[in-house]
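The values are calculated or read from the model by the stated rules, or taken from the named source; none is laboratory data. Bear in mind that the values here come from a model prediction, so they are computed numbers and not experimental data. Using ideal geometry, Cβ is built from the backbone for each residue, glycine included, and neighbour counts are taken over all protein chains shown.
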Amino acid sequence: MTWQDWRAPTLALLLATTAPNLAAAKPPARPWMNTSLSADQRAALVVGKMTQAEKLGLVIGAFGRTQPGQYTPPRAARANSAGYVPGIPRLGIPPLWETDAGMGVATQRTSGKVRERTSLPSGLATAATWNPALAYRGGAMIGAEARDSGFNVLLAGGANLAREPRNGRNFEYAGEDPLLAGVMVGAQIRGAQSNHIVATAKHFAVNDQENGRNFLSSEIGDAEARTSDLMAFQIAVEQGDPGSVMCAYNRVNTAYACENDYLLNQVLKRDWGFKGWVMSDWGAVHSTVQAANGGLDQESAASFDTSPFFGDALKQAVADGKVSQARLDDMARRIVRGLFAKGVIDHPVAIRPIDFAAHAAVTQADAEEAMVLLKNDGALLPLSATARRIAVIGSHADVGVLSGGGSSQVYAVGGVGGMAVPGLGPNDFPGPLVYHPSSPLKAIRAQAPRADVAYADGTDPQAAAALAAHSDIAVVFVNVWSAESLDSPLGLPDGQDALVAAVAKANPHTVVVLETGGPVLMPWLDQVGAVLEAWYPGTRGGEAIARVLFGEVAPSGRLPISFPRSEDQLPRPRLDGDPKAPNQMFDVQYSEGAAVGYKWFDRQKLEPLFPFGYGLSYTRFAYDGLQARAAGDAVTIGFDVKNLGDRAGKDTPQVYIGPKAGGWEAPRRLVGWQKVDLAPGRTQHVILTVDPRLLATYDPATRTWRIAPGDYEISLGASSRSLTSHATVSLAARTLPVGPSGK
Ligand code: BGC
């Protein structure tokens, strides 16, 4: 019998309902397959029928890639995949086939054949769209590719706050603000799960730097964490309702995240009422009893851990009563509950053809809306289609666009083994460095068919400058490769600052296109005419960049992360951890608490290079008629947005609130925004309602959110530092429950 055979009992159930006599004689063999029961009921029924061995089998997983000479995955695992957990065919429970990640269906690094799939722009890029509908569409698209690749668990939903701008994984996350990150990641999770698969919010929690990620302890207070990093997860989990949450590598206040009673049992499961299962990150488990009792439900890829902690050791711990039978049942129940709730069991996955053309349109739309125009002196952009000589320089822009590295690596259709430039290091994880085959040069040529568009690879700044000097316009591509397991300083590597300076000196009409995983320093900013932040733009990035440069699309991205002027402006000018002692335990004191990103800049009265929420357009917008109303703890805000320019464009008016008397981590917090799409001359009225928790501070003693009575200033503007309209509301004292359950 195969696991798909559960369909047979469904037939029995059908017979049972249509033939009452038969039904009386023979109750359905698998009552948990009755789709009219709740996921909780179905999970309880099936766990009731499991043997101890079956329960133990569900709570431990295997890696899905061969490691020559060391490890061979189970035969039923999908090739070069992140993970596999055997199913229980007897009961109709399918195996879990797990794949990374947030940009699309990844291939675990291999010398063999990669799985070529569509890549979205980086998570940070999608956050820069400030458009949850796009995040949903992207999630739905990559979820469909996961499903049609035979995966029913997508390890996507990166909700870590970009507290540390040098974090090498910021490109997988959704920026520095908990509301923006929570809403965007929640939408992506919902989209992915619309395919009847499970998505996984990760990496829970305060996994905010990669250096020493397995050894560091994130030191942060309860209230501060719940108002920042945990708030991002809370909103993502509420809005996305993921089947699973992945606990992180790091420790939080000394306890490993995957055996952290506070994080897993108290915050996630008790306070937020999370009903799915907690799976570990790959190699993040350090114990049996402490992990099981600390809230971990499933050990992923056990070969990554120093021992299979949820194997025989767990069996023994249950036999000894160190882990209760009820707890093991709860672990199994949570896993199958997630599978029932998301439709994994009722809609078995199968390998099927993928509509790459349709999916290319989804990723391109995301990329086009993600790009942030940072500078545009003298309306240098959009480029005129009549420019005669255009120089395109650097960053392999002749053949591709950069992507971020590590477990999330997607290999695109086309290129050599999914790469535009094969053979770029590093050979070991988190390599290779991958350029997606989507050529900005070709796309620029297509936009300006009559122009002479020449390319210089940028390795020789003098040659690049000479080309620029003989061109009407120079477009210089520069990049920073970010990757899992590595943090990087904010400067451009490999002499790229000198390249930009040389080109800008040769031609004042220089446009810089940044392909980065996060913020960068720009010592040459005053010398160039325009700067476009394109992030890692995904498998149609080249086309998207060209369309924005030439004005087929007006840029509408807004920064989801502050760009500092220097690392001295950061709460920790030097990253913690000693690279010479990589295996030593250390603490990172997050003494800035909840004052993350712009909140830190505002509190410290620092002037960033580019503020959170910032981004230019090819048209101009004005805001008018700001009104705010408070009724109980509900604050409603209304205003008009008008497109003053002579072309269509999208804008993202943002609303921030702060108590006039102070008392928060920072002067103000983002409480709402709306992406609006306006034809020239048109006005739209926007109404926003504020999540009352964003008006409150957390009180650990009573485990409640408290709104302090008094006057609050409401500010409306085009960025966190361009607040042009203000209003005041008076709020009464209010106490709010810690989570949806009100407990
Ligand atoms: C990463 C996870 C990923 C897992 C499986 C880990 O290294 O931290 O994000 O899902 O590997 O590939």
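Remarks
- Where a residue in region 213-226 is modelled with pLDDT of 95 or more and its partner, wherever it lies, is assigned to a helix (DSSP H, G or I), with Cβ under 8 Å and at least six apart: Ile220/Asp229; Asp222/Tyr262; Arg226/Gln234; Arg226/Val267
- Hey, Leu120 crowded, with 24+ Cβ neighbours inside 10 Å and within 13 Å of the chain's Cα centre (by Cα) or not: yes
- Scanning region 486-512 for residues that are within 16 Å of the ligand (Cβ to nearest atom) and surrounded by 20 or more Cβ atoms within 10 Å (Cβ to Cβ) returns a single hit, Asp487.
- Filter pass, Asn131 being in contact (Cβ under 8 Å) with a residue 40 or more places away in the chain, within 16 Å of the ligand (Cβ to nearest atom) and among the polar types (S, T, N, Q): no
- When restricted to residues that are closer than 18 Å to Leu120 by Cα and touching a strand residue (DSSP E or B) at 6+ places or on another chain (Cβ under 6 Å), region 434-447 contains 4.
- Here region 452-482 is the region considered, the condition is being among the acidic types (Asp, Glu) and in contact (Cβ under 8 Å) with a residue 12 or more places away in the chain, and the residue that is nearest to Pro537 (Cα to Cα) is Asp457.
- Taking region 687-738 as the region of interest, none of the strands (runs of 3 or more DSSP E) fully inside it holds 3 or more residues being within 28 Å of the chain's Cα centre (by Cα), of a type in the set (A, V, I, L, M, F, W, C) and at pLDDT below 95.
- Scanning region 385-413 for residues that are closer than 20 Å to Ser482 by Cα and assigned to a strand (DSSP E or B) turns up Val401, Leu402, Gly405, Tyr411.
- Criterion (more than 16 Å from the ligand (Cβ to nearest atom) and at pLDDT 95 or above) met by exactly one of Ala483, Ala466: Ala466
- Filter result (of a type in the set (Gly, Ala, Ser) and either under 35 Å from the mean Cα position of the chain (by Cα) or at positive phi (or both)) within region 458-509: Gly458, Ala474, Ser482, Ala483, Ser485, Ser488, Gly491, Gly495, Ala498, Ala501, Ala504
- Options Ala357, Ala317: the member that is more than 16 Å from the ligand (Cβ to nearest atom), over 21 Å from Ile142 (Cα atoms) and out of contact with any Gly (no Cβ under 9 Å at 6 or more places or on another chain): Ala317
- Only a single item in (1) within 16 Å of the ligand (Cβ to nearest atom); (2) touching a residue at least 40 places away in the same chain (Cβ under 8 Å) is not met by Cys258, and it is number (2).
- Looking only at residues in region 75-98 that are more than 16 Å from the ligand (Cβ to nearest atom) and under 23 Å from Gly112 (Cβ atoms), the one that is surrounded by the fewest Cβ atoms within 10 Å (Cβ to Cβ) is Arg75.
- Sole exception among (1) buried (at least 17 other Cβ atoms within 10 Å of the Cβ); (2) in contact with a Lys or Arg (Cβ under 7 Å, 6 or more places away or on another chain); (3) more than 25 Å from Ile354 (Cβ to Cβ) for Pro430, by number: (2)
- Among the residues of region 669-686, none is identified as outside any strand (DSSP E or B) and within 16 Å of Gln234 (Cα to Cα).
- Residue match in region 521-540 (condition: surrounded by fewer than 24 Cβ atoms within 10 Å (Cβ to Cβ), of a type in the set (A, V, I, L, M) and more than 21 Å from Gly378 (Cβ to Cβ)): yes
- Condition met for Gly491 (at pLDDT below 95 and over 21 Å from Ala546 (Cα atoms)): no
- Index of the failed condition, Gly64 passing every other in (1) more than 16 Å from the ligand (Cβ to nearest atom); (2) touching a strand residue (DSSP E or B) at 6+ places or on another chain (Cβ under 9 Å): (1)
- When Gly240 is tested against the conditions (1) within 21 Å of Leu694 (Cβ to Cβ); (2) among the small types (Gly, Ala, Ser); (3) within 16 Å of the ligand (Cβ to nearest atom), the lone failure is (3).
- Hits in region 645-694 - residues which are surrounded by fewer than 20 Cβ atoms within 10 Å (Cβ to Cβ), acidic (Asp, Glu) and under 13 Å from Ala554 (Cα atoms): Asp646, Asp677
- Across region 236-260, the qualifying residues are those that are under 13 Å from Ala205 (Cβ atoms) and in a helix (DSSP H, G or I), and the one among them that is nearest to the chain's Cα centre (by Cα) is Ala236.
- Residue satisfying all of: in region 175-207; at positive phi and more than 16 Å from the ligand (Cβ to nearest atom); surrounded by the most Cβ atoms within 10 Å (Cβ to Cβ) among these: Gly175
- Search result, residues across region 181-232 that are in a strand (DSSP E or B) and either within 15 Å of Val596 (Cα to Cα) or basic (Lys, Arg) (or both): Lys202, Ser218, Glu219
- Which numbered condition Gly613 fails, given (1) of a type outside the set (D, E, K, R); (2) more than 26 Å from Ala370 (Cβ to Cβ); (3) not in a strand (DSSP E or B): (2)
- Matching residues, region 704-721, being under 25 Å from Gln674 (Cα atoms) and surrounded by 13 or more Cβ atoms within 10 Å (Cβ to Cβ): Ile707, Tyr712, Glu713, Ile714, Ser715, Leu716, Gly717, Ala718, Ser719, Ser720, Arg721
- For region 321-338, the criterion of being free of Cβ contacts under 8 Å to residues at least 60 places away in the same chain and within 16 Å of the ligand (Cβ to nearest atom) is met by no residue.
- Members of region 592-629 found to be polar (S, T, N, Q) and either surrounded by fewer than 18 Cβ atoms within 10 Å (Cβ to Cβ) or under 16 Å from Leu180 (Cβ atoms) (or both), listed by number: Gln604, Gln627
- Subset tally (residues that are more than 15 Å from the chain's Cα centre (by Cα), within 16 Å of the ligand (Cβ to nearest atom) and either part of a helix (DSSP H, G or I) or surrounded by fewer than 24 Cβ atoms within 10 Å (Cβ to Cβ) (or both)) for region 134-158: 2
- Residue pairs whose Cβ atoms lie under 7 Å apart, separated by 6 or more positions or on different chains, with the first residue in region 100-125 and more than 25 Å from Val185 (Cβ to Cβ) and the second in a loop (DSSP other than H, G, I, E, B) and more than 14 Å from the ligand (Cβ to nearest atom), are Val114/Gly417; Val114/Gly418; Glu116/Ala412; Glu116/Val413; Glu116/Gly418.
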